[in-house]
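Presented below is the structure to which this report refers.
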Amino acid sequence: MTKRTAAKYKIDRRMGENIWGRPKSPVNRRESGPGQHGMRRRGKLSDFGIQLRAKQKLKGYYGDLTERQFRRIFTEAERVRGDTGENLVGLLERRLDAVVYRAKFVPTVFAARQFVNHGHVLINGRRVNIPSYRVRTGDVIEVREKSRQLPLVLEAIGSPERDIPDYLNVDHSSMKAEFTRVPGLADVPYPVMMEPNLVVEYYAKN
């Protein structure tokens, strides 16, 4: 099972930020963009550029979702009553791959997508292999017993890099996590500032 480190590091370089807070991110060593002309690409962004970057950063954080996937989630967030930006974050955090990553069952969100795809995860005792599956409040997510000793899982559990958010009750001894509530922006432990309000502005104009 690969972790697609090149993919996530390319996103970091493109954004110019260590968006997952990983200690090995190339942005920790060099802040320029990718490519031989990366140093020249830092100019003042227009309002459109700022909004586009906010969208790309949020989309990239969740495993570099396709534009079609992300737009569909945004459209749903618009239809729900309340603040669209907060709704967007809540829907993204309810993705099964995001929950598996938050629970520290795997080290990266890219690994979480593959982990779910390969059938290592159960929800309420039933195997689910769709990374975009939407978790509900009260659902219990667990790692299948045969998968609990995988090196990927042991690495994630032993890593001090991330804290588990308080909208998950996680027990690593039983490899289970309960999704207790839908979080808002302030509840999500992003290593860098996310600005879903700018994403809303981007889609309002495009």
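The values are calculated or read from the model by the stated rules, or taken from the named source; none is laboratory data. A quick note: this is a predicted structure, and the numbers were derived from the prediction, not measured. Positions of Cβ are generated from backbone atoms using ideal geometry, with glycine treated the same way; all protein chains shown enter the neighbour counts. Keep in mind that these areas ignore ligands, DNA and RNA; they rest on the heavy atoms of the full protein, side chains included. Shrake-Rupley method; radii C 1.70, N 1.55, O 1.52, S 1.80 Å.
Yes/no matrix, rows are residues, columns are (1) buried (at least 17 other Cβ atoms within 10 Å of the Cβ); (2) at pLDDT 80 or above; (3) among the acidic types (Asp, Glu):
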| site | (1), (2), (3) |
| --- | --- |
| 35 | no, no, no |
| 44 | no, yes, no |
| 50 | no, yes, no |
| 55 | yes, yes, no |
| 61 | yes, yes, no |
| 68 | no, yes, no |
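Say we look at segment 144-159 and pick out the residues that are more than 19 Å from the chain's Cα centre (by Cα) and assigned to a helix (DSSP H, G or I); which of these is surrounded by the most Cβ atoms within 10 Å (Cβ to Cβ)?
Residues of segment 144-159 that are more than 19 Å from the chain's Cα centre (by Cα), as a first pass: 144-151, 154, 158.
Checking the rest, the ones that are also assigned to a helix (DSSP H, G or I) come to 145-147, 151, 154, 158.
Working: 145: 10, 146: 9, 147: 18, 151: 8, 154: 11, 158: 10.
Going through the qualifying residues, I end up with 147.
Do any residues in segment 152-171 that are without any contact (Cβ under 8 Å) to a residue 12 or more places away in the chain have Cβ atoms under 7 Å from those of residues that are not β-branched (Val, Ile, Thr), where the two are at least six apart or on different chains, and which pairs are they?
As it stands, the answer is 169/177; 169/178, since those pairs meet every condition given.
Quick one: in segment 160-173, of everything that is part of a loop (DSSP other than H, G, I, E, B) and either hydrophobic (A, V, I, L, M, F, W, C) or touching a helix residue (DSSP H, G or I) at 6+ places or on another chain (Cβ under 9 Å) (or both), which residue is nearest to residue 105 (Cα to Cα)?
That would be 172.
Please state which of the following conditions residue 95 fails to meet, knowing it meets all the rest: (1) crowded, with 19+ Cβ neighbours inside 10 Å; (2) modelled with pLDDT under 95; (3) out of contact with any helix residue (DSSP H, G or I) (no Cβ under 8 Å at 6 or more places or on another chain).
The one condition residue 95 does not meet is (2).
Condition test on residue 122, is it among the aliphatic types (A, V, I, L, M), surrounded by 15 or more Cβ atoms within 10 Å (Cβ to Cβ), free of Cβ contacts under 8 Å to residues at least 60 places away in the same chain and within 30 Å of residue 72 (Cα to Cα)? Step through it out loud before you land on a result.
Numbers: among the aliphatic types (A, V, I, L, M): yes; surrounded by 15 or more Cβ atoms within 10 Å (Cβ to Cβ): yes; free of Cβ contacts under 8 Å to residues at least 60 places away in the same chain: yes; within 30 Å of residue 72 (Cα to Cα): yes.
Yes: the conditions hold for residue 122.
Where residues in segment 174-195 are under 19 Å from residue 107 (Cβ atoms) and not in a strand (DSSP E or B), which of them is farthest from the chain's Cα centre (by Cα)? Break it down stepwise before answering.
Step one: list which residues in segment 174-195 are under 19 Å from residue 107 (Cβ atoms), which gives 175-177, 188-192.
Next cut, not in a strand (DSSP E or B) only: 175, 188-192.
On the way: 175: 20, 188: 10, 189: 10, 190: 9, 191: 11, 192: 12 Å.
This residue is 175.
Tell me which residues, restricted to segment 67-91, are of a type in the set (A, V, I, L, M) and in contact (Cβ under 8 Å) with a residue 60 or more places away in the chain. Quick ask: steps written out before the conclusion?
Let us first name the residues in segment 67-91 that are of a type in the set (A, V, I, L, M), namely 73, 77, 80, 88-89, 91.
88, 89, listed by residue number.
Considering only residues that are assigned to a loop (DSSP other than H, G, I, E, B) and more than 16 Å from residue 64 (Cβ to Cβ), which ones fall in segment 112-137? Spell out how you get there, then give the answer.
Let us first name the residues in segment 112-137 that are assigned to a loop (DSSP other than H, G, I, E, B), namely 118-120, 124-125, 128-133, 135-137.
Hits for segment 112-137 are 118, 119, 120, 124, 125, 128, 129, 130, 133, 135, 136, 137.
Scan segment 136-143 and tell me whether some residue there is open to solvent by 10 Å² or more (accessible area, probe 1.4 Å), within 21 Å of residue 89 (Cβ to Cβ) and either of a type in the set (A, V, I, L, M) or at pLDDT below 95 (or both). Spell out the reasoning first.
Filtering segment 136-143 for residues open to solvent by 10 Å² or more (accessible area, probe 1.4 Å) gives 136-140, 142.
Now drop any that are not within 21 Å of residue 89 (Cβ to Cβ), which leaves 136-139.
Narrowing further to those that are either of a type in the set (A, V, I, L, M) or at pLDDT below 95 (or both): none.
No; the residues of segment 136-143 include none that is open to solvent by 10 Å² or more (accessible area, probe 1.4 Å), within 21 Å of residue 89 (Cβ to Cβ) and either of a type in the set (A, V, I, L, M) or at pLDDT below 95 (or both).
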